[in-house]
Amino acid sequence: MLEQRFRLESRARRLRKKESLRRMLRETRLHEDMLVAPVFVKEGTKKVEAIEGMPGVYRYSIDELQGYLERLARVGVRSILLFGVPDEKDDQGSGAYAREGLVPRAIEAVRPNFPELVVMADVCLCEYTSHGHCGLLTGQEVDNDRTLPLLARAAVEYARAGADVVAPSAMMDGQVLAIRRALQEAGLDDTIVMGYSAKHASAFYKPFRNAAGSAPAFGDRRSYQMQPGNFREAMREIELDVKEGADIVMVKPALAYLDVISGARRKFDLPLAAYNVSGEYSMVKAAALNGWLDEKSAVYEILVGIRRAGADMIITYFAEDAARWLKEGW
Ligand code: PBG
């Protein structure tokens, strides 16, 4: 009856009529405050090196880092995740935890000029080991427990140099606890620990390994990184990091793992980071450079999707462009 008189049809399109309405009714918003830019730092001076497979991303020598951070600051990116790409590697990955290592020197160099910048430092051995694995080897095995003290030493060096956040990505059991204890012993109780809690063995890390020269010389990382099909195990990994004292937890990669992000959001109340990894960047870049995708709208959809799934912060190689597009009114 009513239906006949008033034609009460459902008209979902009413709410989509014009841009101002669509903006008002947007459920999920992006803001540059939630973006973290990964940064590759290398030895030498006056070096800005292009990275194969990651157009628009560069390795910077410490002196060149300043200019890049100023550019990031100008568009409102207030947070970086640092990776060291050393000239020399050895089987112990000693560059990762050297007092005068690349990452501590980079942090010390930029800290005075960027006091407000949130400096995060990745803690892992793979960029520093000649064999490219994330920990020490005993025979052909990646040795969990012998690796822990080295990760802890690296974290303490980065924190001492001025990192706000240390982020263990080696997927060694107990790495968060080992780092938390070492920080405490060093009197660095204020340092934030962000666990790469649910880090999956992924094909999407390939461009990064190219950037960091960290591809494993033999085998792969499947004995320490998670297999892609496991959701419940991801929750368990995150829970372990929470118990070990992580302040922020992470799901990585992002796009094939949106359900894991969403599950983690529901189950845990800690800040949740998602890592929109190198291969996820490269795919979009390659398609955009061929004219097959419109980059700006594809990136919006990807980042808002990760946010909608429940991430509080997004680590992304698109950070600078995304922040600029946000300012322009994405
Ligand atoms: C180090 C590390 C990796 C990434 C972040 N930290 C590589 C890996 O695990 O092989 C990947 C990041 C990316 O692909 O953007 N262990």
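What to note about this one:
- Virtual spin-label span in nm between Lys206 and Thr28, 7 Å along Cα→Cβ: 2.7 nm
- Sorted from longest to shortest, the spans of the Cα atoms of segment 122-231 along the three principal axes equal 38, 31, 25 Å.
- Using the Cβ-Cβ distance between Asp63 and Ala287 with R0 = 51 Å, the FRET efficiency computed as 1/(1 + (r/R0)^6) comes to roughly 0.90.
- Charge tally in the Cβ shell below 10 Å around Arg160, where Lys, Arg are +1 and Asp, Glu are -1, Arg160 excluded: -1
- Whole-number D in µm²/s for segment 141-300 (Stokes-Einstein; Kirkwood sum over Cα pairs; 25 °C, 0.890 mPa s): 146 µm²/s
- Distance between modelled label sites at Asp90 and Arg232, nm, 7 Å Cα→Cβ extension: 4.5 nm
- Entries of Lys17/Lys327; Lys252/Lys327; Lys89/Lys327; Lys89/Lys267 with Cα pairs more than 32 Å apart: Lys89/Lys327; Lys89/Lys267
- Per-peptide packing, taken as the mean over residues of other Cβ atoms within 10 Å, places 182-194, 271-283 in the sequence 271-283, 182-194 from highest down.
- A convex hull fitted to the Cα coordinates of the chain yields 158 cubic angstrom per residue.
- Computed on the chain, with alpha-carbon pairs under 8 angstrom and 6+ residues apart, the relative contact order is 18 percent.
- Positive minus negative residues near Pro86 (Lys, Arg vs Asp, Glu; Cβ under 10 Å): -3
- Amide hydrogen neighbours beyond the local backbone of Gly132, cut-off 5 Å, H modeled: Ala217
- When you count the other C-beta atoms within 10 angstrom of each residue and take the mean per peptide, 203-212, 47-56 line up highest first as 203-212, 47-56.
- Spin-label pair Arg111/Ala50, simplified geometry with 7 Å Cα→Cβ offset, distance in nm: 3.6 nm
- Extension gain for Arg146-Ser10 works out to 42.6 nm (0.36 nm per residue, less the C-alpha to C-alpha distance).
- Alpha-carbon centroids, segment 169-199 and segment 251-297: separation in whole Å: 24 Å
- Per-residue Cβ neighbour counts within 10 Å put Ser202, Ser61, Ser20 in the sequence Ser20, Ser61, Ser202, beginning with the fewest.
- Kirkwood-based shape ratio for segment 80-146, expressed as Rg/Rh from alpha carbons: 1.06
- Secondary-structure-derived ellipticity at 222 nm for the chain, considering helices only, amounts to -12000 deg cm²/dmol, per-run term -39500 (n - 2.57) for DSSP H runs with n ≥ 4.
- At R0 = 30 Å, FRET efficiency that the Cβ-Cβ distance of Arg74 and Glu295 yields, to 0.05: 0.90
- Residue list for segment 189-203, given a label point 7 angstrom along the Cα-to-Cβ vector of Ser262 and an amide N cut-off under 19 Å: 198
- Ordering of 168-180, 292-304, 253-265, 85-97 by packing [mean C-beta count within 10 Å, highest first]: 168-180, 253-265, 85-97, 292-304
- Cα gyration tensor category, rounded, prolate or oblate, for segment 214-325 with a/c compared to 1.5: oblate
- P(r) weight above 20 Å for segment 1-140, C-alpha pairs, percent: 61 percent
Where a number appears in this text, it was derived from the coordinates with a stated rule and is not lab data. Just so you know, these numbers come straight off a predicted model, no measurement behind them. Note that each Cβ is placed from the backbone with ideal geometry, even for glycine, and that neighbours are counted across all protein chains shown.
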